[in-house]
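So the structure is just underneath, and the comments pick up after that.
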Amino acid sequence: MLKDQITRLKCFCSIILILKDSKSQMQPLLAVGALAMLLLTMGAGCASGPRQRPVREPQAVVIEVEESLADEEDLAGAEIVVTFEDGVLVLTGTAPSLEVVRTALRLGGRVAGVEQVVNRVRVTPGTGGVGGDWW
């Protein structure tokens, strides 16, 4: 970023030198415009670039998701194991219904740092879900 700002400053100085040699009546206006462009591009350089996701320790994300799932009354009867790596949250285990699985996925996806949720929770047979299927 500093290298970009130095390059912009060099460009600005070149513009000023060219304008200094110019005998135009527009010289002051061009100088102000050049300065404004430099300031705008320098400010934009600070905010540009790819957005980075919040950096969080995987264990902190796992704990937050587990606490969120434990606090949800609708998840009674579910046995869900949580793992997290590189922005990907993986839920595995069993749940009594598809609605319980959906609730777990929704809650997991709300946690800061989670970019993707992978569902490997199986609906257990005989409890209103489709037995043995992965959802």
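The values are calculated or read from the model by the stated rules, or taken from the named source; none is laboratory data. For clarity, every value in this text was computed on a predicted model and none was experimentally measured. Here the Cβ positions follow ideal geometry from the backbone for every residue, glycine too, while neighbour counts run over all protein chains shown. For accessibility, only protein heavy atoms count, side chains too; no ligands or nucleic acids. Shrake-Rupley method; radii C 1.70, N 1.55, O 1.52, S 1.80 Å.
In region 100-109, the count of residues that are modelled with pLDDT of 95 or more, more than 21 Å from ARG56 (Cα to Cα), open to solvent by 40 Å² or more (accessible area, probe 1.4 Å) and part of a helix (DSSP H, G or I) is one or more.
Filter region 74-97 down to the residues that are outside any strand (DSSP E or B), open to solvent by less than 40 Å² (accessible area, probe 1.4 Å) and over 18 Å from GLU64 (Cα atoms) and list them by number. I'd like the intermediate steps shown before the answer.
Initially, region 74-97 is screened for residues outside any strand (DSSP E or B), giving 74-78, 86-87, 96-97.
Still in the list and also open to solvent by less than 40 Å² (accessible area, probe 1.4 Å): 75, 78, 87, 96-97.
Result: PRO96, SER97.
In region 65-83, the residues that are farther than 16 Å from ARG120 by Cα form Cβ pairs under 8 Å with partners that are open to solvent by 80 Å² or more (accessible area, probe 1.4 Å) and assigned to a helix (DSSP H, G or I), at six or more places apart or across chains, as follows: ASP74/GLU99. When residues in region 110-135 are screened for being modelled with pLDDT of 60 or more and part of a loop (DSSP other than H, G, I, E, B), 8 of them pass.
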